[in-house]
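All remarks here apply to the structure that follows.
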Amino acid sequence: MTDKPEYILAAVAWPYSSSEIHVGNITGSYLPADIFTRYHRLKGNHVLMVSGSDAHGTPITVKSDAEGIPPVDVYKRYHAGFLELFQKLGLSYDLFTSTHTENHTKVAQTIFLALKENGYLYTETQSQWFSETEGRFLPDRYVEGTCYICGYEDARGDQCDNCGSLLDANELLNPRSKTDGSTPTLKETEHFFLDLGKLEPHVVEFLEEREDYIRSNVLRQSLGQIKANPLHGRPITRDLDWGIPVPVEGWEDKCLYVWFEAVIGYLSASIEWSALSGDKDAWHNWWYNPDARGYYFIGKDNIPFHAVMWPAELYGVGEWFGKLYDNTEGKKLTLPYDVPANEFMNMQDQKLSGSRGWAVWGLDFLTRYQPDALRFYLTINMPETKDSNWDWDEFVTRNNTQLVGTWGNLANRVLSFAHKHWEGHIPTPGELTAEDKAILKTVEEGFEGVGDLLETVRLRAALLAALELASEVNKYLDEMAPWSAVKVDKERAGTIVFTALQCIDYLKVIFAPFVPHSCEQLHTYFGYDTPLFGNQYTQPVSDAQGEHIALRYQPEETGGKWVPQRLEAGKAFQKPSPLYEKLDPKVAEEERARLG
RNA sequence: GGCGAGGUAGCUCAAUCGGCAGAGCAACGGACUCAUAAGCCGUGGGUUGAGGGUUCAAGUCCCUCCCUCGCCA
């Protein structure tokens, strides 16, 4: 670790704006990104956390067709819900935008053109189902028919629900359009392909350079896959009218394929953030800077797109993006540094499923519980190395024993005791004993210990380490028993209480990336004027494509620092209230009844 | 079918290069009273999915099989 601030990009998965966000989505990518980002803000690094709603793609058009409303309305409805959830949960994006913006359109089209100039695109003709009645090509999931493997009559275009086989839509027997039941015909259509075969050596090099620290699940899913099955060209355009138009004459009625286009959002959102922040070239610090580190927080289903496709796109544009976009010569876009993908979270021992209602929804959860309770449970149970399981009994138990009991109660018991016996002022310590010095040292070293774990994105272990520190302070208190000392030697009791308060003031910072709302509250109890973190707010942004609401973060005037800061003796502080709510075990049963 | 991840105490998970299988929760016992009946001390709890192999030594390495999950075809 150096003293010089580093440039860190926290690139967070883009939710499809066609369904609500559940706890699996949150623990998979959004929450780990926020914890990581908050840590780096406290460290004083230049961290940029960006994402947005994926407004294009078939999930949105399917919903749009089903409800008979325009795709843009579908996107806007869910996007609004995302913004509300992220603010309530404290997911502090520097910018959460959308792919349906003029800026993103321009950036995505430029990436396309840069790849084309650099010789990594080619065209090929393929056949696809075409609906004469609707006058359009049908995406795979718009076609149903008879499975050519098992004979099941209601097979979907891409998969048979009866025999489980993934299907080649063009081979379906008795095909019919899902929208009007008419019989489609196969028609030839030309598409652009990304030449992944030609890019493969560079992708392999990219992965091998990072072999030492990229999680093994990510590495094997990408590098292992490539070594077994070499990469081949993949179409990046589609016959759709909802999306980013292909920027080539004669191709205006086709769109960029969403797998190709959505990942470009990390770059376009950084550019939009720069424009909104008043320094339109600020994004160069992260994207034209080989020392900047980009961390891509995603779920395991997205690994190939972030560890293979996106690096391939970035490598493939070479210096052409800068040339075409802002007349920059000799600059290459920075490749990802790490892809800390999480596995999945199950729900009460079953696969979590949004469409079946077998899920806990973020906004619904927050109507009954505190945001930090959710952040805590999702972090302590985060699926970092393997699938984890949401269990309501466990949620209540962990909340009550670890969050409330070990940490919340520690803060409450010491502040209450101190407030009662020293009239609302931090006691002035006498000479420190060996025990006092030892506990201070233990907690001070936590900044480095917990920090190292956060640095390497082992968030679950980091939170456990923080809890262990709180437990150490509880032990110290029990051994020192200031409630006995105060009756015979108030100066000694004051020294003990000062030491404990100092530890809690440290721990407030160490816990802050995980449970920021309560730590901010504790920070005010201690009587500080400037908050630990900045504010989140929304802002309407207008452009040629209409208006979108952006979620932003205002970082100015914050007092949080990831270093031990000396507590001022004699300073006034507030009488505390409990930081966390203890839960009645019977809520677990009520919550289970809500599922499904 | 190809690639991959996982299977460890009742539950949730650790275990660096192969070196006496550990935590938290739950259970049980104890002392304490500042605190949200929280916290602290102590006890019990294991055929590491199954079988085989390598080794002085295997949760870890090799082979076969079983189960769960993901991506791809």
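Worth pointing out:
- The convex hull drawn around the Cα atoms of segment A:217-292, when projected onto a plane and averaged over every direction, covers 8.1 nm².
- Among A:Arg566, A:Arg375, A:Arg460, the sequence by solvent-accessible area, most first, with a 1.4 Å probe is A:Arg566, A:Arg460, A:Arg375.
- Accessible surface of segment A:180-246, 1.4 Å probe, proportion on carbon and sulfur as whole %: 46 percent
- Residues whose placed amide H lies under 5 Å from that of A:Lys582, excluding near-sequence neighbours: none
- Relative to the dominant Cα principal axis of chain A, helix A:265-277 is inclined by about 60°.
- Chymotrypsin sites (Phe, Trp or Tyr not before Pro) lying in DSSP loop within segment A:1-59, provided at most 11 other Cβ fall within 10 Å: none
- Which of A:Trp320, A:Trp251 is most accessible, then next, and so on - probe 1.4 Å: A:Trp320, A:Trp251
- Taking Lys and Arg as +1 and Asp and Glu as -1, the other residues whose beta-carbon sits under 11 Å from that of A:Ala341 total -2.
- Taking a Cβ cut-off of under 14 Å around A:Gln536, the surrounding Lys, Arg, Asp and Glu residues balance to a net charge of -1, with basic ones at +1 and acidic ones at -1.
- Using the Karplus relation 6.51 cos²θ - 1.76 cosθ + 1.60 with θ = phi - 60°, the per-residue 3J(HN,Hα) values for segment A:368-374 come to 10, 9, 7, x, 5, 5, 6 Hz, with x marking Gly and Pro.
- Per-residue ³J(HN,Hα) for segment A:325-342, Karplus 6.51 cos²θ - 1.76 cosθ + 1.60, θ = phi - 60°, Hz, x for Gly and Pro: 7, 9, 6, 8, 9, x, 10, 10, 6, 6, 6, x, 8, 8, 10, x, 6, 9
- Value of Rg/Rh across segment A:146-289 [Cα atoms, Kirkwood radius]: 1.06
- In this structure chain A gives 41 Å² per residue of accessible area when probed at 1.4 Å with all protein chains present.
- Segment A:494-596: equivalent-ellipsoid semi-axes (sqrt of 5 x gyration tensor eigenvalues, Cα, Å): 33, 26, 11
- The alpha carbons of segment A:252-336 give a radius of gyration and a Dmax of 13.4, 40 Å, in that order.
- Take A:Cys255: with every protein chain present and a 1.4 Å probe, its accessible area is about 10 Å².
- Segment A:537-596, accessible surface, carbon-and-sulfur percent (1.4 angstrom probe): 48 percent
- Segment A:382-411 and segment A:88-145: distance between their alpha carbon centers, rounded to Å: 40 Å
- P(r) histogram, all alpha-carbon pairs of segment A:20-115 included - 5 Å bins from 0, percent: 2, 11, 18, 19, 18, 16, 10, 4, 1, 0
- Over every Cα atom in segment A:355-449, the radius of gyration and the widest Cα-Cα span, Dmax, amount to 19.0, 63 Å.
- Degrees between helix A:434-455 axis and first principal axis of chain A (Cα, 0 to 90, nearest 10): 10 degrees
- Between A:Ile69 and A:Lys475, the simple spin-label model (points 7 angstrom out along Cα→Cβ) gives 5.7 nm.
- Nearest 10 degrees, 0 to 90: helix A:459-480 Cα axis against chain A principal axis: 10 degrees
- What you get for chain A, charging only the Cβ of Lys and Arg (+1) and of Asp and Glu (-1), is a dipole of about 1480 debye around the Cα centre.
- Rolling a 1.4 Å probe over the protein chains gives A:Asp326 an accessible area of about 40 Å².
- Secondary-structure-derived ellipticity at 222 nm for chain A, considering helices only, amounts to -12500 deg cm²/dmol, per-run term -39500 (n - 2.57) for DSSP H runs with n ≥ 4.
- When only alpha carbons are used to place a centre, segment A:7-84 and segment A:543-596 end up 19 Å from one another.
- Per the Debye formula on identical point scatterers at the alpha carbon atoms of chain A, with no solvent, log10 I(q)/I(0) at q = 0.06 Å⁻¹ is -0.36.
- Rounded to the nearest 5, the antiparallel percentage of DSSP beta bridges internal to chain A is 65%.
The values are calculated or read from the model by the stated rules, or taken from the named source; none is laboratory data. This one's a predicted model, so the numbers in the text were calculated from it and none came from an experiment. Ideal geometry is used to build each Cβ from the backbone, glycine not excepted, and the neighbour counts take in all protein chains shown. Heavy atoms of the whole protein, side chains included, go into the accessibility calculation; ligands, DNA and RNA do not. Shrake-Rupley method; radii C 1.70, N 1.55, O 1.52, S 1.80 Å.
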